[in-house]
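Input: a single structure, listed below in structure tokens.
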Amino acid sequence: MTGKMFFVPLAAAVLISCGGGGGTEKTEKKVVEATPAPAADPATLGTIQGKVAFTGEKPAPKVLSMDATPACARMHSGPVYAEDVVINANGTLKNAFVYIKSGLAAREYPTPTTGVKLDQKGCVYAPHVIGVMVNQPVEISNSDDTNHNIHPMPKVNREWNESQPPKGDLKVKTFPKEELPPILFKCNIHPWMRAWVGVSSHPFFAVTGEDGTFTIKDVPAGEYTLEVWQERYGVQEIKIKVEPKQAVTADFTYKG
Ligand SMILES: [Cu+2]
């Protein structure tokens, strides 16, 4: 009671002291506190699942030529293939990046503090495609006995390139802006090296693996545009409706 009685006149005094020359601008100024969006009700969440099929003629695999760089070539006993198109045994595509492109309500999703690993091993990036949320750490390592120079080529975020010595210290990088389709990562020393890093403002994305399927969980019920990106074959989108506690199927097909 006493504290409150004391506070009120103090606030009034501040107001009066500001009121002199400022006019209406100062009296209308309010402190708006950011209120975190309420967590979505679990009973309203659903799942998106599907696969990314490939029905075209299978392209001939491209061998990466490391001959000019013995430090890399000697790490391999056989040919190393480009990963711009990887067709799985079941006729699906690996490394396709699937994400909700539009339809989500404005909501701040917490950024995971755990990083996503991107290694350079045998003079190739591994994995070839990863996804992170905005400001989520990308943990870049060099497992090789040779230098690399990591060079992201973003269109939205800031471009940079940094060398990483043999088995050098982990580089932990973040990207402050959403960037989808993913950012191309090159290496300025080895022109064949390629990786792609998708940066999403929300957690509803997935990268297809060796069975070409994806699952995106805990999606708020609603109608969305779902997009898939594939390095060589580009983007496709479909409209989907997520129902509470249901799984909606969202299959894509690339014809090559
Ligand atoms: Cu390199």
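Numbers below:
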item: Percent of beta bridges antiparallel (DSSP, the chain, rounded to nearest 5); result: 75 percent
item: T225/A39 FRET efficiency (R0 30 Å; Cβ-Cβ; nearest 0.05); result: 0.80
item: Fewest-first ranking of S65, S141, using other Cβ atoms within 10 Å as the exposure measure; result: S65, S141
item: Protection proxy ranking of 238-248, 91-101 - average other beta-carbon atoms within 10 Å, highest first; result: 91-101, 238-248
item: Principal-axis tilt of helix 2-22 within the chain, Cα atoms, nearest 10 degrees; result: 80 degrees
item: Label point 7 Å beyond Cα of T47 along Cβ direction - residues of segment 222-256 with amide nitrogen under 14 Å; result: 243-250
item: Cβ-derived FRET efficiency at R0 41 Å, S65 paired with T111, nearest 0.05; result: 0.55
item: Residues whose placed amide H lies under 5 Å from that of M133, excluding near-sequence neighbours; result: S200
item: When each of K117/K173; K94/K171; K101/K186; K121/K167 is checked by Cα-Cα distance, pairs over 18 Å; result: K94/K171; K101/K186
item: Estimated FRET transfer efficiency when R0 is 51 angstrom, pair K171-T249 (beta carbons, to 0.05); result: 0.85
item: Net charge over other residues, Cβ less than 10 angstrom from the Cβ of K171 (K, R count +1; D, E count -1); result: -2
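Computed from the coordinates by the stated procedures, all read-outs in this text should not be read as laboratory data. Please read these numbers as outputs of a predicted model, since none were measured by experiment. Cβ atoms come from the backbone with ideal geometry, glycine included; neighbour counts cover every protein chain shown.
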